[in-house]
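Single-structure report; data block below.
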Amino acid sequence: MLDRIIKKQIFKNTFWLGLSEGISRLAMFLLIIYVARILGPNQFGVFSFALAFCSLFLIFSHLGLSEIIIRELAEDKENEKKYPAILTLKISLSIFAYLLLFLSSFFISNEMRKIVWILGIYVLSNNFLIIIYAFFRARQKMKYEAGIKIIQSFLILGMGFILLKYIPSVETLGYVLFGSTLLTILFVLTLFSIFIMPISLSFDFAVWKNFLKLSWPLGLAVAIGVILLRINSVMMGYLGQLTEVGWYNAAYRIVGIAIIFSALMLSSFFPALSKIFKESKERAEQIYNLYREITIAIAVPLVVSGIVLSSKIILFLYGASYLPAVLAFQILIGVAGINFLYNPYSMMFVVSNKQKAILIISSITVGINIVLNIILIPRYSLYGAAIATLISYLILLFITFEISRRLNLFNLVYRNLFKTLIISIFSTMMMIGIITIPYIFSLHILLLIALGIVIYLTILFFFIQVGLLGLNLKHWLT
């Protein structure tokens, strides 16, 4: 039976992360929808291309440090003494990354160069906050992270709606994003110094070497992941398909909301598993199996309902000018489902200190993705980019599962997992059958989504009561 303390801790972590991610992502999503509508597909494409270009340089400041910090600090609180050196390392890497971005910006058009400079500050500053969040997550104090993200989201949303109303431009949006993020950083560093520990810097090269030695495989994997996520927009932008970039990113923004919930679950389970893995493999396996069952129960209805409701979703959020994004969204929603299924396996590589496996898997995947993009984008534009992404993620999931099976960390195939999959599929089909009844399908999209969730959860609850749901998931939900 799952330890009640661990169960309570995961629920608490999930609540705070869910609250903060829900509010912050909703705020950003609302702002992006507003921007997409007032700027139109072409200018929204300019913004999306510039942001994607900047994000490629994020890889030089990340290097997998946050995940390793969470693991090392969660395992031994004494490692918190090394935090000033880690903070200094992060600042140094961010400066280096921005310098590379600045020099690379001279290879793009003059029109976009200033936008890239502005958004570059935002991207790297926002990434800097992750090093603060890593400290809180190691202590399993997600409520502090939640408070910071909520404050930042209100700053972005407030400044964005006010300034963009009077000065609607991509440049204005860039100033809103980096200005609000810098204010958040100043606020966070002040509170951290007062209530947690005094902020200080330390050029401790031994600590740098040790953490980089641990994090570089994961860092390269993250870098490859960023390339996998952003290369489509960059390639389309360089081919002059800026309107198509706008359509593609409009679709991917919606998919990104689903992926955020996947990341939220990973963040909730990761600290607990990192702590328990060395103490009891049996207890760790119970939590791990629970995690996999939950991801299946979410991924199946997410993908199927997303495909069915795609045109209604795009019309409601963006308007008729973005209807070409519908097919791309139907393809990309599969990526969100795969992401849910993939995360439990990738997390266990980090927990078990086998993060080099993620590097190998990610390298293969991004190589395939780039080749597919080169072949498909010139011919099929945003739809080719979407297909390339979906195929790449399918390969990513397959290879990850196969390596996990070979490493034999846990039992990957068991009866309850299949039971959860079958019941999730059956419940989803019943839910779709009900909401696609013509007079029901004519309802507003928000009502349809709410109704679909209620129907799906009701059917799941029925299976819990009759004892047919997977044991781990049943134990958790009851």
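The values are calculated or read from the model by the stated rules, or taken from the named source; none is laboratory data. What you are looking at is a predicted structure, and each value in this text was computed from that prediction instead of being measured. Cβ: placed from backbone, ideal geometry, glycine included. Neighbour counts: every protein chain shown.
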- Message: I'm trying to understand the selection: among the residues of segment 188-209, which are closer than 21 Å to GLU72 by Cβ, touching a residue at least 12 places away in the same chain (Cβ under 8 Å) and not in a loop (DSSP other than H, G, I, E, B)?
- Response: PHE192, VAL207, TRP208
- Task: Report yes if LEU163 is of a type outside the set (Asp, Glu), farther than 30 Å from ILE199 by Cα and either surrounded by fewer than 21 Cβ atoms within 10 Å (Cβ to Cβ) or under 18 Å from the mean Cα position of the chain (by Cα) (or both), otherwise no.
- Result: yes
- Message: Yes or no: segment 60-80 includes at least one residue that is assigned by TED's automatic domain parsing to the domain that holds GLY158, modelled with pLDDT of 80 or more and of a type outside the set (Ser, Thr, Tyr).
- Response: no
- Task: Just give me the residues in segment 452-474 being touching a helix residue (DSSP H, G or I) at 6+ places or on another chain (Cβ under 8 Å) and modelled with pLDDT under 70, in sequence order.
- Result: GLY467, LEU468, LEU469, GLY470, LEU471, ASN472, LEU473, LYS474
- Message: Could you list, ordered by first residue, the pairs with Cβ atoms under 6 Å in which the first is in segment 80-92 and closer than 16 Å to MET197 by Cβ and the second is surrounded by fewer than 20 Cβ atoms within 10 Å (Cβ to Cβ) and of a type in the set (Val, Ile, Thr), at least 6 apart or interchain?
- Response: LYS82/VAL207; ALA85/VAL207
- Qualifying positions in segment 10-55 - buried (at least 17 other Cβ atoms within 10 Å of the Cβ), modelled with pLDDT under 85 and over 17 Å from the mean Cα position of the chain (by Cα): ILE10
- Can you name the residue in segment 420-443 that is over 19 Å from GLY337 (Cβ atoms) and touching a residue at least 12 places away in the same chain (Cβ under 8 Å) and, of all such residues, is surrounded by the most Cβ atoms within 10 Å (Cβ to Cβ)? ILE434
- Query: From ASN127, ASN110, which residue is surrounded by fewer than 22 Cβ atoms within 10 Å (Cβ to Cβ) and under 19 Å from the mean Cα position of the chain (by Cα)?
  - Reply: ASN127
- Query: For LEU58, are the conditions met, namely being within 30 Å of LEU214 (Cα to Cα) and surrounded by 21 or more Cβ atoms within 10 Å (Cβ to Cβ)?
  - Reply: no
- Across segment 377-393, the tally of residues that are over 15 Å from VAL366 (Cα atoms) and of a type in the set (Phe, Trp, Tyr) stands at 2
- Query: Somewhere in segment 172-187, is a residue surrounded by 15 or more Cβ atoms within 10 Å (Cβ to Cβ) and not in a helix (DSSP H, G or I)?
  - Reply: no
